[in-house]
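Please treat every number below as a calculation from the coordinates, not as lab data. Keep in mind that what you see is a predicted model, and the values were worked out from it rather than measured. Note that we place each Cβ from the backbone using ideal geometry, even for glycine, and neighbour counts take in every protein chain shown.
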Amino acid sequence: MTRGEAFLSELQTGAMVGDGAIGTALFARGVVPERGVERMNMLSPSVVLQLHRDYVASGSHIIETNTFGANLPNLMKYGVESEEEARAIILTGSRLARTAASDQAYIAGSIGPLPTVDGEPIALVRQTALFTSQITALIEGGVDLLIFESFTILEELAQAVAVARSLTDIPIVAQASFGPESCTADGASAEEVAFSCISTGASVVGANCGYGVESLVNAVKSMVSCGAPVSAYLNAGLPERVEERMLYTASPNYLVEAALDLVDCGVRIIGGCCGTEPETIRLIAKSIAARKAPVGGSVSQTGPAKLHVKPMPRVSKSVPVGPILVELDPPRTLDVSPLIAAARAVKNAGASAVTVADNPLASVRVDNITVAGILQRETGLPVIPHLTGRDRNRLALQSAIMGAHVLGIHSMLCVTGDPVGMCQEPNTSGVFDLTSVGLVRLISDFNAGHRMSGDCQTRFTVGVAVNPNVRTLSGQVDKLKRKVEAGAHYALTQPVFDVEKLEALMDALDQAGMSIPVYAGIMPLLSARNAEFLHNEVPGIVIPEDVRKRMAEYTSVADQRAVGAEIATEMLDRLAGRVHGFYFICPGNNVDTIVRLITTITPRQTRSEVARP
């Protein structure tokens, strides 16, 4: 029996554990990204070898070669000039993996998608040649199977699998990366990916990386009935920019729970992707081998009690945008009617204004400034579009500001924007000509009439974000001070689940002599799963362990949602009088709970004057 045959036979007996990330794990061990991950096979072989050994020691039954991007167009960015040099990198990577694995683990030759050249996909004939070269070298290096990873275009993945099957009969694992709707960037469903790859020769189909853990889990679950073994390589949530570094912050325990859920559904290979390291794999391997029974409970579904908010002495009577704001997301489709209905519902409940996010989590939505104009026209409610520096250059940002003014928009929220790495569109890059501070300054210039000749003076109030969910507040206070100096009028916090953190922020602002109005972010949790997802995968949101445990005490999603409303009500009660107002955030534009929460605030807290700069 060959190693490949043994691998397929072992898949029939139960779940196997793969390894974790190579690139991000090597970066954590001091490898410089600019030198090229795959070139480390030649430049720092001992570091690569030790990482492989650590994964084997952690319980990996399968380890991947450090060859994901070992194709010539990618390697040329790091100084590689010939196919022969690329072949040497692949052969060395295969040898390092074999040395580490010995007979304890199978070796999977890793192959990723091809890069674009001058913004355009590589021609099909050239694709075939490049995949042939990489696969041939991996086979020569003695890998036991091939694993295709992180493909976002089904046609390219199917082409790569077909090329591989024409060259070898060893097992092939074909994995795609999926967006928030469990579709690839070119619109293929998980089922379409599975059946297409099986038809072109894949032995195993699955998913890796992508739009966070939840989207991967949903995609993989829909593949289980496709007729082939299924694999899932989980990344550690979505990346968060921290001091110019992209970090993955999902906890290992969160990934373990997702792994166990997938094994229960019949997934045969569980591994890690970006942000995971040997310790994560050790916990996954240990947990798969020793299952624990879930716990449950029950809770009544009574609505929140009437809330009597204490006075808000912190600021003057003049309010920039009113005390109750509600964030809505623009639609993913061309139908804006549900969004209009949601805006009308929160207006009738007593909201002062709604905000409209700008392609939240780097996902494609209807243009939010267009949506803001429609909502304001249809509902008469003031609408505040978010403006990020991620998607538009300086020229387009000025056009967007002018367009908002023409539509009758009177306030903008300036934010940096979620990392473009979350985006599943191919060949997408972040612009970031301006930071959030730069955006504030740009709008302030328009307000002062300094940007254009003629009648181009605007009258926007400018909002900004501040995050109390950090270990040290000095950085947040300093940045907020720069925003205020640039012209910001009010600040909205990330969702708050820890009153002490919010109070610490307010005290720090007091000590810094900053009297800017602050709105506390309130996000009712929808379920225990929702709480874990937000905590582990959404940058800037931190949900304390006791809150997550409180949600997880109950098995019914309806009960969990009732608890989420209770927690939000408690936050309102405790924060009243400490902040200027409340900023309600409703995932999925599910405003029912928000409407109930708004009605708990007495009318005298919903009246305000609107200040203009």
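One table, with the values for the structure above:
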item: Cα gyration tensor, the range 516-579 - rounded (a/c under 1.5), prolate or oblate; result: oblate
item: Total charge dipole magnitude, the chain, about the Cα centre, Cβ charges on Lys, Arg, Asp, Glu only, Debye to nearest 20; result: 2000
item: The range 114-190 and the range 320-335: distance between their alpha carbon centers, rounded to Å; result: 40
item: Neighbour-count order for V256, V48, fewest beta carbons within 10 angstrom listed first; result: V256, V48
item: Scaled radius of gyration (Cα, divided by 2.2 N^0.38 Å) that the range 320-607 gives; result: 0.97
item: Highest average packing first - 371-382, 199-210, Cβ atoms within 10 Å; result: 199-210, 371-382
item: For I384, residues with placed amide H under 5 Å, excluding near neighbours; result: V354, T355, V356
item: 222 nm mean residue ellipticity, helices alone, for the chain (DSSP H n ≥ 4; -39,500 (n - 2.57); rounded to 500); result: -12500 deg cm²/dmol
item: Label of the coordinate-derived value, Cα extents along the principal axes in Å, listed as (1) 102, 72, 44; (2) 97, 55, 50; (3) 79, 63, 45; result: (3)
item: Cβ-placed point charges (K, R +1; D, E -1), dipole of the range 3-289 about Cα centre in debye, nearest 20; result: 600
item: Sparsely packed trypsin sites (Lys or Arg not before Pro) within the range 462-540, loop by DSSP, other Cβ within 10 Å at most 10; result: R471
item: Dipole magnitude (debye, nearest 20) for the range 320-607, charges at Cβ of Lys, Arg, Asp, Glu; result: 580
item: Share, in percent, of DSSP beta bridges within the chain that are antiparallel, nearest 5; result: 10
item: Size-normalised alpha-carbon gyration radius of the range 3-289, reference 2.2 N^0.38 Å; result: 0.90
item: Of K501/K549; K77/K286; K479/K549, pairs whose Cα-Cα distance is over 28 Å; result: K77/K286; K479/K549
item: Percent antiparallel among DSSP beta bridges (both partners in the range 3-289, rounded to 5); result: 20
item: Whole-Å distance, taken between Cα centres, linking the range 447-520 and the range 354-419; result: 18
item: Peptides ranked, highest mean first, by Cβ atoms within 10 Å: ranges 124-133, 383-392; result: 383-392, 124-133
